[in-house]
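Peer 1: This is the structure I want to talk about, given as structure tokens.
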Amino acid sequence: MFQSMEEVMDYLYSRESKLGMDFGLARMENLLKELRNPEKSFQSIHIAGSNGKGSTLNALKEILMAQGLKVGSFTSPHLEKVNERMMINETMISDEEMIEHMNTIYPFLEEGKVGYRATFFEIITVISFLYFQKNEMDIAIVETGLGGRLDCTNVITPLLSIITSISLEHTNILGNTLAEIASEKAGIIKRGVPVISGVTEEEPATAIMEYAKVQGANHYCLNKEILVSEPSQVQDGQCFSFKMRNTTLEQIDLKMLGRHQVNNAALAIAAVKLLVEEYQLEISEKSIRAGLAKAHWAGRFEVLPGQIILDGAHNPAGMTVLLETLQTRYPDVHYHFVFTALKDKDYRQVLRMVDEHATSITFTEIDFKRAASAQELLETSKLERKKAMINWQEAIDYARNLQNPNDLVIVTGSLYFLALARPYIRKTS
């Protein structure tokens, strides 16, 4: 039996190193059956997508909380502590509850039991379901880990499904084209359950729409059934208008920065409208406005003291919106990037984009088995002003020392890197 979080995390990480990623639902379904199916004890919303899952989830969560609902959320990865992945409203699961639920699951993880080969992510997902069951949610918002069809979160039957965006990622697992990846993510769509899509590119959008038709699921797509205006920039964020069916909302204030965040917020509003119309939940326009005015997401264009911006952009689509947001909000300053990446990401294309906008790039690396080395990243970049530093703290400090008064330091490339860098920067700013 586990007595401390240190024991829990040592055990979970040992399973991650031993089992890695292993997709499929049978193992998860068998484990949940032994635990009397906690995933059936609460109402849920399921979110998949290449980028924007966390921001959409947080925008929706803030709206529901503004209405006074008790909202669970399950996200990944965490930035500073694994407890962040499982929250009720603004409070993360306590160490004591993590240990309690881990001890509930553990007997089924031993050799010969149904969960013997359960992965790190599967166990964390089961803990979240037990946590939501115990605390009697009004609703839980559940984010997929990778893909959709075979992701272990796909055991839930939600009120709504949301697919935020599609880009080329994990091609060895999900497929080599946007349409193939879209079909995998569309696997979260359940029979008769409405789906909201932020995917606007023709081929992946068509793949999602066709899957929804097969499932008899009503389908609502950004730029078709869901319309938003071009945002206007205001001092503390941006402002936009929304239209869907017979609902029009003008001058919505959004704290999160970037045009892509307007799309994410629109998906959240669309979800609220369907909850009201399809399931008769009471959610006011006042709650929508209050929630979006408050919504933020750590590590997504997060501005810290010292003119430092953290952003978890880890693929070309993510880097595109980061660079667009930089040019919109800070068009005439120098950008000093601190960059690392995972080897299984398309960092070559990402760096081609960064090279075009960076004043300097300081490459570094993290202690993670999938991490690229600072040297191989350096050799990929064509920028003249660049440096490789193995120690990531020293890399951040080096980039800070390059700053002139109006310059920005951009820390990016991997959420795993941000998990380390964020507390260090906040402590040393």
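Every read-out reported here was derived from the displayed coordinates using simple, explicitly stated rules and does not represent laboratory data. Small disclaimer: the values here were computed from a predicted structure and weren't measured. Note that each Cβ is placed from the backbone with ideal geometry, even for glycine, and that neighbours are counted across all protein chains shown.
Peer 1: If I model a spin label as a point 7 Å beyond the Cα along the Cα-Cβ vector, how far apart are those points for Arg191 and Glu277 in nm?
Peer 2: Reported label-point gap for Arg191 and Glu277 is 2.5 nm.
Peer 1: Quickly work out the Lys343-to-Glu16 label distance, labels modelled 7 Å from Cα along the C-beta direction, and quote it in nm with one decimal.
Peer 2: Modelled inter-label distance: 1.7 nm.
Peer 1: Rounded to whole Hz and in sequence order, give me ³J(HN,Hα) for region 31-37 from the Karplus expression 6.51 cos²θ - 1.76 cosθ + 1.60, θ = phi - 60°, writing x for Gly and Pro.
Peer 2: Working through the residues one at a time gives 5, 5, 4, 4, 8, 6, 6 Hz.
Peer 1: Looking at the calculated P(r) for the chain, what percent of the C-alpha pair distances fall above 35 Å?
Peer 2: Details: 25667 of 91806 pairs.
Summing the P(r) of the chain above 35 Å gives 28 percent of all pairs.
Peer 1: How big is the Kirkwood radius of region 244-382, worked out from every pair of different alpha carbons and given in Å to one decimal? Please list the in-between numbers first.
Peer 2: Values: mean 1/r = 0.0575 Å⁻¹.
With all distinct Cα pairs of region 244-382 included, I get 17.4 Å.
Peer 1: What is the extension gain from Met1 to Lys81, computed as 0.36 nm multiplied by their sequence separation minus the C-alpha to C-alpha distance, in nm to one decimal?
Peer 2: On the way: separation 80, 0.36 × 80 = 28.80 nm, distance 2.16 nm.
Extending this stretch completely gives an extra 26.6 nm.
Peer 1: Rounded to the nearest 500 deg cm²/dmol, what is the calculated helix-only ellipticity per residue at 222 nm for the chain, with -39500 (n - 2.57) per DSSP H run of length n ≥ 4? Walk me through the intermediate numbers first.
Peer 2: Details: 15 runs with 176 residues, N = 429.
Rounded to the nearest 500, the figure is -12500 deg cm²/dmol.
Peer 1: Taking all pairs of distinct Cα atoms, average 1/r, flip it, and tell me the Kirkwood hydrodynamic radius of region 337-429 in Å to one decimal place.
Peer 2: Numbers: mean 1/r = 0.0762 Å⁻¹.
Hydrodynamic radius (Kirkwood, Cα pairs) of region 337-429 is 13.1 Å.
Peer 1: OK, next. Restrict the search to region 357-428; then list the chymotrypsin sites (Phe, Trp or Tyr not before Pro) that DSSP places in a loop and that have at most 16 other Cβ atoms within 10 Å of their Cβ.
Peer 2: Working: sites: Phe363, Phe368, Trp392, Tyr398, Tyr416, Phe417, Tyr424; in loops: Phe368.
Those that pass, being in a loop and sparsely packed, are Phe368.
Peer 1: In square nanometres and to one decimal, what's the mean projected area of the convex hull around the Cα atoms of region 5-143? Before the final figure, lay out each step's value.
Peer 2: Numbers: hull surface 32.9 nm².
Seen from a random direction, the Cα hull of region 5-143 projects 8.2 nm² on average.
Peer 1: What is the extension gain from Lys382 to Thr248, computed as 0.36 nm multiplied by their sequence separation minus the C-alpha to C-alpha distance, in nm to one decimal?
Peer 2: Numbers: separation 134, 0.36 × 134 = 48.24 nm, distance 4.72 nm.
This chain segment gains 43.5 nm when fully extended.
Peer 1: To continue, here is another question. Taking the Cα centre of each part, how many Å lie between region 154-191 and region 254-302?
Peer 2: 22 Å
Peer 1: What net charge is computed for the residues neighbouring Ala182, neighbours being all others with C-beta under 15 Å from the C-beta of Ala182, Lys and Arg scored +1, Asp and Glu -1?
Peer 2: Values: positive: Lys53, Arg149, Lys185, Lys213; negative: Asp151, Glu169, Glu180, Glu184, Glu201, Glu202, Glu203, Glu210.
Result for the local shell: -4.
Peer 1: Another question about this same structure. Principal axes first, then extents: for the Cα atoms of region 307-390, list largest minus smallest coordinate on each axis, whole Å, largest first.
Peer 2: 36, 24, 22
Peer 1: Around Val409, under 11 Å between beta carbons, what's the net of Lys plus Arg minus Asp minus Glu among the other residues?
Peer 2: On the way: positive: Arg400; negative: Asp397, Asp407.
Result for the local shell: -1.
Peer 1: Quantify how much of the Cα-Cα distance distribution of region 1-82 extends past 19 Å, in percent.
Peer 2: Details: 2040 of 3321 pairs.
Counting pairs separated by more than 19 Å, the tail of P(r) holds 61 percent.
Peer 1: Just to be sure I understand the curve: with the Debye formula and one point per C-alpha of region 87-191, what is log10 I(q)/I(0) at q = 0.10, 0.15, 0.22, 0.24 Å⁻¹?
Peer 2: Here log10 of I(q) over I(0) equals -0.36, -0.77, -1.18, -1.26.
Peer 1: While we're here: Taking the inverse of the average 1/r across all pairs of different Cα atoms in region 133-220, what Kirkwood radius in Å do you get? Before the final figure, lay out each step's value.
Peer 2: On the way: mean 1/r = 0.0754 Å⁻¹.
Final number for the Kirkwood radius of region 133-220 is 13.3 Å.
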